[in-house]
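Enquirer: Below is the structure I would like to discuss, written out as structure tokens.
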Amino acid sequence: MDAARPVALHALVPEAAGLETPVALHGWLDFRPAANPDMLQPRAAQATLALGQGAFVQADGSILWLRNAHAAVRADLDSSDGQAPHLDLTDMAAAFQAERDAPGDRDVTLAAHGRLEANDLLHPRHVSATLDAVIPRLDFATILQAWPYGVAKGARAWISRNITQGTGERLTAHVGVAGNDGWQHLRVTDVAGGMDAHGLDIHWLRPVPPMHGVDGHLTFDDPTSLSITFEHGYQEVQRDGHHVGRTGEGRLTAGQGSMRIEHLDQRFQTGDITVRMAGDLADAVALLDEKRLNLLARHPFPFTNPSGRTEVELRVTLPLRNKVAIDDVTLDAHARETDIHLGNAVMGRSVDHGNIVVSASTQGLTASGTLLLGGVPSRARYSMDFARNPAVHVTEQGHLTAHLTPQTAEGARIPASRFFGGSAAVDVDYGKRSDDTARIALALDMKDADVHIPIWHKPAGRPGNASVVIDMAAGHLSGVHDLVADGPDLDVRGHTEVHDGTVDALAIDRFRIGRSAGRARVRLPRNARDPYQVTVRASAVDLSPLLHGRHQPGGAPEPAPEPKKAGYHLPSAASGRVDGAPGQSWSVDLATPVLYYDDGRTLSDVTARLVNNGVRLTSLDFAMRGPSPATVTVRPDAGGRRLSARVDDTGALLGATGVMSHIDGGVGTLEGRFDDRQPSAPFAGTLSVGPFVMRDAPGMLRLVNDLSVFGWFDGQSASDFPVDHLAVPLRFQDGVLHIDDGEVGNRSVGATVQGHVDLDHDALDLNGTLTPAFAVNALPGRLPGVGRLFSPERGGGVLSATYTVTGPIAGPKLHVNPLSVLLPGIFRKMVE
């Protein structure tokens with residue numbers, strides 16, 4: 001039969017209905033006598049089948065474009081020798097077009113042979129068949145053109161859908177079928193074979209981006225599974241939407257790996273994937289965050305902007321269906337991360353230059369290694385529990401140990417490097433629970449550190465510890481407690497007050513720092529306009545370390561005390577001078593029975609409230625009982641601030657503070673005003689001191705006093721000089737006190753004073769006049785109109801001696817010019 005159209009025979013052979021190609025059939029049939037002498041029985045047959053160019057429409061509607069095919073079949077039907085009838089496919093070859101009218105160089109060629117055995121070819125019960133085929137080369141993009149529907153149907157569907165690019169070489173396939181109930185119930189009993197593949201694009205879990213450029217070997221393991229071993233290639237990664245701080249496409253280089261697809265005879269398959277990958281950490285995180293994998297859905301990646309190199313050995317077993325739950329996935333991953341960066345790792349600090357080993361499964365994750373946390377060398381370990389547990393339990397745990405030195409603190413921009421030498425160890429313990437609460441415990445071991453903050457010093461080698469516990473809820477701060485600091489002359493206990501995830505106040509329940517002891521509270525600002533508010537209630541406060549620094553950094557022995565620097569510098573905060581941009585406003589409320597301002601000097605029963613607007617001190621209320629009752633107030637005034645001060649015993653205050661030791665008594669007042677319209681905020685006011693006595697007065701001053709009859713009746717010691725009044729108009733600016741037309745004296749002696757006092761450099765430069773018999777001598781100078789002729793100085797007299805006072809404040813030198821007393825009035829001024 002030549003050039004027949006099998007489609008015309010579909011009524012007799014239904015399977016030929018889809019075959020639209022010319023067919024040529026040639027053969028012979030051998031008969032032998034049957035048991036019935038009138039009949040012949042077929043003994044053997046042979047046929048050669050040839051198909052021309054055409055198409056075969058398969059049961060699923062797909063089309064095989066056939067260029068040509070031929071097959072030789074021999075049938076042995078005689079079972080008299082004990083062998084079952086069988087049919088041998090001895091020679092088969094076919095060429096399939098990649099698509100209709102495609103050129104021949106793209107054809108897929110097939111060579112095959114096989115055997116069919118049956119106990120009866122017409123009415124069989126036991127049937128078995130095998131087919132072996134070889135395809136030298138195929139293109140995975142058009143693999144359906146060479147893979148008939150119904151042959152390894154599951155493998156055909158998965159491969160055609162998920163391996164979309166690449167070439168295969170020397171595909172070998174072995175298929176076995178068998179049945180015990182005739183032709184209608186045959187089943188595939190054996191599938192084997194494989195091929196080498198190059199340049200594959202494998203969609204291993206759509207819509208996860210595919211692996212590209214994979215070289216490997218595909219093996220048909222059995223009728224329901226296939227395996228792919230591969231190397232080379234890379235995994236495409238889409239970074240968008242995966243919270244890695246980058247967009248666009250990334251890639252992970254694929255090393256050796258394998259993929260096994262099981263349950264090919266079912267609707268959904270199972271994938272078992274083992275692969276080694278290397279590349280950027282951000283790409284690895286983006287891959288694990290793919291929704292189809294669902295690995296990070298329950299525990300999202302907690303860091304920002306990951307980067308660095310990662311090498312991963314990954315095994316994933318999961319169902320290959322559209323929706324995958326985390327409980328359906330089995331994960332076993334091991335990774336080595338090198339030189340990584342993780343943003344927002346601990347309290348806003350980043351991890352840099354991390355070298356970490358990670359192991360992960362669907363049950364949990366562990367990680368450990370070395371890193372820089374905020375610039376500080378650290379060692380860390382971390383674990384995460386992925387298991388479902390209805391009870392509240394710990395889901396994350398971490399521990400970090402850091403080594404802090406002045407150099408590492410400086411590199412981490414921690415403002416502590418100038419306050420210690422040596423080293424300190426920092427331990428951080430972290431735990432998070434399934435109810436979204438977390439706790440961070442920080443501990444600082446300062447034994448090997450030499451700490452030298454202004455109010456406390458601990459040499460290296462002596463124990464010193466500090467710790468605090470921080471609670472979090474839903475990612476927000478919920479509490480800070482168990483604030484503890486211990487060490488030599490150090491005992492601090494405290495906590496914080498938290499509202500809406502923000503620390504409102506720091507409460508120091510008790511403190512003992514050197515000679516200071518008490519309790520304190522610091523209320524923190526809510527915004528830039530709010531002030532820091534500090535309240536201190538103490539049994540003693542020691543400010544001497546702030547006023548006289550004595551500690552040497554680096555743990556070195558303390559040198560011999562340096563001579564006390566001269567000067568009485570007034571801080572800018574007190575003077576009101578503007579230095580730099582405005583800062584945060586603050587207030588301090590202090591009450592203590594004892595305030596140390598030097599090693600052996602104290603103020604008693606001190607209360608103080610200070611308010612600073614971030615530029616200067618705007619308000620002050622100060623009071624004390626000893627060494628003399630005193631008050632100081634500062635109040636805002638138009639364009640400035642008004643100061644008012646009173647001291648009940650000026651001599652006691654000057655003596656106790658070491659300024660002057662030879663003054664007794666005297667009620668002192670200071671009234672004046674700061675002019676805040678000028679950057680230096682100069683002060684102008686008047687200092688007044690009531691009756692007081694100057695002990696061990698200079699001889700010249702006593703001599704002038706004795707020239708007056710009033711001095712004979714004062715009843716003072718021969719070395720004392722009584723003063724009835726002191727009134728000094730003064731101006732203060734840039735550390736210098738300027739005095740104009742000051743008056744001081746008693747009935748016997750009057751004096752004028754002018755000049756300046758340089759507080760910063762502890763230098764007096766004053767001059768004036770001494771007027772004996774002041775009560776009488778000064779009268780002509782007060783005459784209207786002509787008084788300046790008799791006394792050119794305010795508060796002077798007709799006969800007065802000029803003097804100068806120079807030198808340090810605590811020990812000045814007085815020089816009197818006695819000859820000037822011989823020149824009355826205006827003549828004295830002319831010859832000065």
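Enquirer: When you go through 471, 435 one by one, which is the residue that is closer than 27 Å to residue 497 by Cα and part of a strand (DSSP E or B)?
Expert: So the residue among 471, 435 that is closer than 27 Å to residue 497 by Cα and part of a strand (DSSP E or B) is 471.
Enquirer: Could you please find all residues in the stretch 618-630 being buried (at least 16 other Cβ atoms within 10 Å of the Cβ) and over 47 Å from the mean Cα position of the chain (by Cα)?
Expert: 624, 626, 627, 628, 629, 630
Enquirer: Return the residues of the stretch 153-181 that are of a type in the set (Gly, Ala, Ser), out of contact with any strand residue (DSSP E or B) (no Cβ under 6 Å at 6 or more places or on another chain) and at pLDDT below 85; say none if nothing qualifies.
Expert: Once the filter is applied, which keeps residues that are of a type in the set (Gly, Ala, Ser), out of contact with any strand residue (DSSP E or B) (no Cβ under 6 Å at 6 or more places or on another chain) and at pLDDT below 85, the stretch 153-181 yields 154, 157.
Enquirer: What residue, of 244, 316, 237, is surrounded by 18 or more Cβ atoms within 10 Å (Cβ to Cβ), at negative phi, at pLDDT 95 or above and touching a strand residue (DSSP E or B) at 6+ places or on another chain (Cβ under 7 Å)?
Expert: Details: 244 fails: at pLDDT 95 or above; 316 fails: at pLDDT 95 or above.
Of 244, 316, 237, the one residue that is surrounded by 18 or more Cβ atoms within 10 Å (Cβ to Cβ), at negative phi, at pLDDT 95 or above and touching a strand residue (DSSP E or B) at 6+ places or on another chain (Cβ under 7 Å) is 237.
Enquirer: Taking into account only those residues within the stretch 135-155 that are in contact (Cβ under 8 Å) with a residue 24 or more places away in the chain and in a loop (DSSP other than H, G, I, E, B), which is nearest to the chain's Cα centre (by Cα)?
Expert: Here the answer is 152.
Enquirer: Please go through (1) closer than 25 Å to residue 428 by Cα; (2) modelled with pLDDT of 90 or more; (3) touching a Phe, Trp or Tyr at 6+ places or on another chain (Cβ under 8 Å) for residue 285 and return the number of the only condition it doesn't satisfy.
Expert: (1)
Enquirer: Somewhere in the stretch 122-141, is a residue closer than 20 Å to residue 222 by Cα, touching a Ser or Thr at 6+ places or on another chain (Cβ under 6 Å) and of a type in the set (A, V, I, L, M, F, W, C)?
Expert: Yes, that holds for at least one residue.
Enquirer: From the list 264, 226, 252, exactly one residue is crowded, with 20+ Cβ neighbours inside 10 Å, in contact with a strand residue (DSSP E or B) (Cβ under 9 Å, 6 or more places away or on another chain), in contact (Cβ under 8 Å) with a residue 60 or more places away in the chain and within 18 Å of residue 309 (Cα to Cα). Which is it?
Expert: Within the list 264, 226, 252, the selection yields 252.
Enquirer: In the list 200, 218, which residue meets the criterion of being more than 40 Å from the chain's Cα centre (by Cα), without any contact (Cβ under 8 Å) to a residue 60 or more places away in the chain and under 18 Å from residue 164 (Cα atoms)?
Expert: 218 is the lone residue from the list that is more than 40 Å from the chain's Cα centre (by Cα), without any contact (Cβ under 8 Å) to a residue 60 or more places away in the chain and under 18 Å from residue 164 (Cα atoms).
Enquirer: Can you tell me which residue in the stretch 405-419 is surrounded by the most Cβ atoms within 10 Å (Cβ to Cβ), limited to those that are outside any helix (DSSP H, G or I) and either modelled with pLDDT of 90 or more or not hydrophobic (A, V, I, L, M, F, W, C) (or both)?
Expert: 405
Enquirer: For the stretch 195-205, does any single residue satisfy the condition of being modelled with pLDDT under 90, of a type in the set (Gly, Ala, Ser) and either exposed (fewer than 15 other Cβ atoms within 10 Å of the Cβ) or assigned to a strand (DSSP E or B) (or both)?
Expert: No, that holds for no residue.
Enquirer: Looking at the stretch 375-388, is at least one residue exposed (fewer than 15 other Cβ atoms within 10 Å of the Cβ) and among the polar types (S, T, N, Q)?
Expert: Within the stretch 375-388, none of the residues are exposed (fewer than 15 other Cβ atoms within 10 Å of the Cβ) and among the polar types (S, T, N, Q).
Enquirer: Take the conditions touching a Ser or Thr at 6+ places or on another chain (Cβ under 9 Å), charged (D, E, K, R), closer than 24 Å to residue 588 by Cα and surrounded by 15 or more Cβ atoms within 10 Å (Cβ to Cβ) and apply them to residue 530. Does it pass? Please lay out each step first, then the result.
Expert: Working: touching a Ser or Thr at 6+ places or on another chain (Cβ under 9 Å): yes; charged (D, E, K, R): yes; closer than 24 Å to residue 588 by Cα: yes; surrounded by 15 or more Cβ atoms within 10 Å (Cβ to Cβ): no.
For residue 530, the condition - touching a Ser or Thr at 6+ places or on another chain (Cβ under 9 Å), charged (D, E, K, R), closer than 24 Å to residue 588 by Cα and surrounded by 15 or more Cβ atoms within 10 Å (Cβ to Cβ) - is not met.
Enquirer: Applying the selection to the stretch 462-479, what residues are more than 20 Å from residue 513 (Cβ to Cβ) and surrounded by fewer than 19 Cβ atoms within 10 Å (Cβ to Cβ)?
Expert: 469, 471, 472, 473, 474, 475, 476, 477, 478, 479
Enquirer: Additional query: Determine which member of the set 530, 504 is acidic (Asp, Glu), assigned to a loop (DSSP other than H, G, I, E, B) and at pLDDT below 95.
Expert: Result of the check over 530, 504: 530.
Enquirer: Tell me the residue from 585, 572, 544, 539 that is of a type in the set (S, T, N, Q), under 30 Å from residue 659 (Cα atoms) and modelled with pLDDT of 90 or more, please. Let's see the steps before the verdict.
Expert: Details: 585 fails: under 30 Å from residue 659 (Cα atoms); 572 fails: modelled with pLDDT of 90 or more; 544 fails: modelled with pLDDT of 90 or more.
Result of the check over 585, 572, 544, 539: 539.
Enquirer: Which of the residues belonging to the stretch 474-501 are part of a strand (DSSP E or B) and in contact with a Gly (Cβ under 6 Å, 6 or more places away or on another chain)?
Expert: The answer is 476, 477, 483, 487, 498.
Enquirer: Find the residue count for the stretch 810-832, including only residues that are at pLDDT 80 or above, surrounded by 13 or more Cβ atoms within 10 Å (Cβ to Cβ) and either touching a Gly at 6+ places or on another chain (Cβ under 6 Å) or of a type in the set (A, V, I, L, M) (or both).
Expert: Of the residues in the stretch 810-832, 1 are at pLDDT 80 or above, surrounded by 13 or more Cβ atoms within 10 Å (Cβ to Cβ) and either touching a Gly at 6+ places or on another chain (Cβ under 6 Å) or of a type in the set (A, V, I, L, M) (or both).
Enquirer: Can you work out which of the residues in the stretch 267-289 that are more than 13 Å from residue 317 (Cβ to Cβ) and of a type in the set (Gly, Ala, Ser) is surrounded by the most Cβ atoms within 10 Å (Cβ to Cβ)? Break it down into steps so the answer makes sense when it comes.
Expert: We begin by selecting, within the stretch 267-289, every residue more than 13 Å from residue 317 (Cβ to Cβ); these are 267-268, 276-289.
Add one more test, that the residue is of a type in the set (Gly, Ala, Ser), and what stays is 278-279, 282, 284, 286.
Values: 278: 18, 279: 20, 282: 23, 284: 28, 286: 24.
So the residue we want is 284.
Enquirer: Something else: Quick check on my filter: what residues within the stretch 583-599 are assigned to a loop (DSSP other than H, G, I, E, B) and surrounded by fewer than 16 Cβ atoms within 10 Å (Cβ to Cβ)?
Expert: Residues satisfying the conditions are 583, 584, 599.
Enquirer: Follow-up question, since we're still on this one. State the number of residues belonging to the stretch 621-656 that are part of a loop (DSSP other than H, G, I, E, B) and within 20 Å of residue 588 (Cα to Cα).
Expert: Qualifying residue count for the region: 1.
Enquirer: Can you give me the number of residues within the stretch 743-763 that are surrounded by 19 or more Cβ atoms within 10 Å (Cβ to Cβ) and either modelled with pLDDT of 90 or more or among the basic types (Lys, Arg) (or both)?
Expert: Qualifying residue count, the stretch 743-763: 1.
Enquirer: What are the residues in the stretch 326-370 that are within 13 Å of the chain's Cα centre (by Cα) and not hydroxyl-bearing (Ser, Thr, Tyr), if any?
Expert: 341, 342, 343, 344, 345, 346, 347, 348, 349, 351, 352
The values are calculated or read from the model by the stated rules, or taken from the named source; none is laboratory data. Just so it is clear, the model here is predicted, and its values are computed rather than measured. All Cβ positions, glycine included, derive from the backbone under ideal geometry; neighbour counts span all protein chains shown.
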